[in-house]
1. Within the stretch 273-363, which strands (runs of 3 or more DSSP E) (wholly inside it) include 3 or more residues that are in contact with a strand residue (DSSP E or B) (Cβ under 8 Å, 6 or more places away or on another chain), surrounded by 20 or more Cβ atoms within 10 Å (Cβ to Cβ) and not hydroxyl-bearing (Ser, Thr, Tyr)?
2. Show me the helices (runs of 4 or more DSSP H) found entirely inside the stretch 1-77 where at least 1 residues are of a type in the set (Asp, Glu) and at pLDDT 85 or above.
3. Select from the stretch 116-157 the residues that are basic (Lys, Arg) and within 30 Å of Val21 (Cα to Cα) and list them in ascending order.
4. Taking the stretch 198-212, which residues are within 16 Å of Gly172 (Cβ to Cβ), surrounded by fewer than 17 Cβ atoms within 10 Å (Cβ to Cβ) and under 38 Å from the mean Cα position of the chain (by Cα)?
5. Does any residue of the stretch 368-381 turn out to be outside any strand (DSSP E or B), under 22 Å from Asp311 (Cα atoms) and modelled with pLDDT of 75 or more?
6. Considering only residues that are buried (at least 19 other Cβ atoms within 10 Å of the Cβ) and either aromatic (Phe, Trp, Tyr) or at pLDDT 80 or above (or both), which ones fall in the stretch 84-108?
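The values are calculated or read from the model by the stated rules, or taken from the named source; none is laboratory data. Given the structure is predicted, the values throughout are model-derived calculations rather than measurements. Counting neighbours? That spans all protein chains shown, and the Cβs are built from the backbone with ideal geometry, glycine included.
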Amino acid sequence: MNRYPLWTYLLVAAVVVVGAVYALPNVFGEAPAVQVSSAQEGAPLPADTEERVTALLDGADIEYVEVREEADSLLFILADGDDQSEARDRIAADLGRDFTVAMNRVPAAPRWLQAINAQPLNLGLDLRGGVHFLLELDMPSAVERVLEQEATDMRRFLREQGIQYRGINHEGGSIEIAFADDAAREAARNPLASRYGDLTFSETTALGRPALEARMTDEAWEAEREAALEQNITTLRNRVDELGVAEPIVQQQGDQRIVVQLPGIQDTTRAKEILGATATLEFRLVYGSRSAWVEAEETGRVPFDARLYRDRDGQPVLLQRDIIVTGDQINDASSGFDSDTGQPNVSIRLNNRGANSMQEVTADNVGNDMAVVFIENIVETREENGEMVTERETIEEVINIATIRAVLSHNFQITGLASSTEARNLALLLRAGALRAPVEIIEERTVGPSMGQDNINQGFASVVGGLALVLIFMAFYYRVFGLVANLALVVNLTVVVAALSALQATLTLPGIAGIVLTVGMAVDANVIIYERIREELRAGNSVQAAIHSGYDRALSTIADANITTFIAAIVLFAFGTGPVQGFAVTLSIGIVTSMFTALVGTRAVVNLVYGGRRLKSLPI
């Protein structure tokens, strides 16, 4: 007789019940909402926030069905998704910069399901709509930035040490320090090597003089790559927050790439401007007079301790090589208008390091001029002779020259911006932080909400269609045992959806393909078992012996097939990107659940129906 112990039946029943409960939220779906939280991370909202927002929505005739309070934020659930964008814009305009307002979607399931953390599936961009970017770091530009800062520091260090030098230049991934003679070079070698341990120094010639060439060590280059990747991810997350996107994805891919996914965003131009922009500022003292600027441009002879720039009118400007403050020392920035001239400006607040540097330099240079340099790295990829060519261009413009009237410290303003839009964008970028390394958008995908819904409908139709065909075939070919397999197949799909929902995995179109493949694999296991039972019956074995042998002897074949597929899924997950990983996740879960339902679930039903009976034949 074929019997299972009681605990096995209870286990199967528990899996079915738990799977049904955690798959149930997907029936209710999600509701459109607007999320309001404090701009300062972790800070609580003011007590009157809910009252202000509900009054605003009522006044704008925007219907909301519920207000939910979550950790440090409020969710205003709307009755109509078409009102979501308007509601966000109105709330953001009313509350101001002290709040973060983002569009979101929240589970529409009953409270008791939310209480046990039963959530619907997360949908990928191809199902939900939004934009996807794959960004790659421009490490040579990052190294040049580091070397420029090191060169500035070297000038100060050599002056402090009383070591004479003729010029310091950086380009091509190295710093060249020219000296008057070999003796001066030897006097500088050890102090420089001791202070700058991340650089290697070698003898060379520059400007026809003895020189030292400094290059970053391999260890320092790798540390800079890791630091640039980490800071860029943090900066991009801050910029995404400024865009007002709920549940964005910003994560590392490989050693020099970053994936950014923005659900619900359709304005790709605005997203690309903010994510890809590397705009920052530098503050430098002005060098010499206007006549010296013109002479430097006409002759091409620039003093060793100066650099030639141009302003926005194309006129030459000489600035000192030493940088006073850089963009990464800016804590906060906001755009506005100058009260005297009405021109757009940006108010800047420096961190302590930047403020100390600004105070020290301006205290010694009251009455002198200081310039603000706007720096932007632009990366363009175009097709040329059938090949994609990437061109990188760095734009450096002097946007403002002002006389230092008093000692500056933490707070001041800059003017000279072309428009209020440029002022707002610059303030946003400075507020979110500067990218440590420029980034290039090497992949871009946009999916509209209607296309996402079409993908959902087509994916659902493919699953239902495949399932219906399999159910009909199994019921016709294997009769009662086919119905048992069909029951197991439905349970298997339910458990797969429940597992994906419980893990909060993101479902994409490749993930749906994995579910469809799971349907076929689950039936394969039942076909192997049933064919083995039929062979045992044809060999003259009893019904109970045939059932026992069919399940036992089919186990090794099913296990071999599923284990090899599972290994392939692990490899896909380890080496694949987002969509491929989504396929691997659903396939892996489907393999585990299909083996359980085919080997344990169907046998539990067969044992209950036929295990305790003496039969001469089976309806198989």
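1. Values: elements: 280-286, 306-311, 316-326, 330-337, 344-350.
Because the criterion is at least 3 residues that are in contact with a strand residue (DSSP E or B) (Cβ under 8 Å, 6 or more places away or on another chain), surrounded by 20 or more Cβ atoms within 10 Å (Cβ to Cβ) and not hydroxyl-bearing (Ser, Thr, Tyr), the strands (runs of 3 or more DSSP E) in the stretch 273-363 that meet it are 280-286, 316-326, 344-350.
2. On the way: elements: 6-23, 25-28, 49-59.
In the stretch 1-77, the matching helices (runs of 4 or more DSSP H) lie at 49-59.
3. So the first thing to find is which residues in the stretch 116-157 are basic (Lys, Arg), and the list is 128, 145, 155-156.
Once the filter is applied, which keeps residues that are basic (Lys, Arg) and within 30 Å of Val21 (Cα to Cα), the stretch 116-157 yields only Arg128.
4. Thr200 - this is the single residue of the stretch 198-212 that is within 16 Å of Gly172 (Cβ to Cβ), surrounded by fewer than 17 Cβ atoms within 10 Å (Cβ to Cβ) and under 38 Å from the mean Cα position of the chain (by Cα).
5. Going through the stretch 368-381, the residues outside any strand (DSSP E or B) turn out to be 368.
Still in the list and also under 22 Å from Asp311 (Cα atoms): 368.
If we keep only those that are modelled with pLDDT of 75 or more as well, we get 368.
The answer is yes; a qualifying residue exists.
6. If the condition is that a residue be buried (at least 19 other Cβ atoms within 10 Å of the Cβ) and either aromatic (Phe, Trp, Tyr) or at pLDDT 80 or above (or both), then Ala87, Arg88, Arg90, Ile91, Leu95, Phe99, Val101 are the ones that fit.
Results for (1) in contact with an Asp or Glu (Cβ under 7 Å, 6 or more places away or on another chain); (2) modelled with pLDDT of 80 or more; (3) assigned by TED's automatic domain parsing to the domain that holds Val361, shown as yes or no for each residue.
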site: Asp311; (1), (2), (3): yes, yes, yes
site: Asp322; (1), (2), (3): no, yes, yes
site: Gly327; (1), (2), (3): no, no, yes
site: Asp332; (1), (2), (3): no, no, yes
site: Ser339; (1), (2), (3): no, no, yes
site: Gln343; (1), (2), (3): no, no, yes
site: Asn351; (1), (2), (3): no, yes, yes
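One line per residue, one yes/no per condition, for (1) in contact with a Leu (Cβ under 9 Å, 6 or more places away or on another chain); (2) of a type in the set (D, E, K, R):
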site	(1), (2)
Leu123	yes, no
Pro140	no, no
Gly173	yes, no
Glu176	yes, yes
Asp181	no, yes
Ala184	no, no
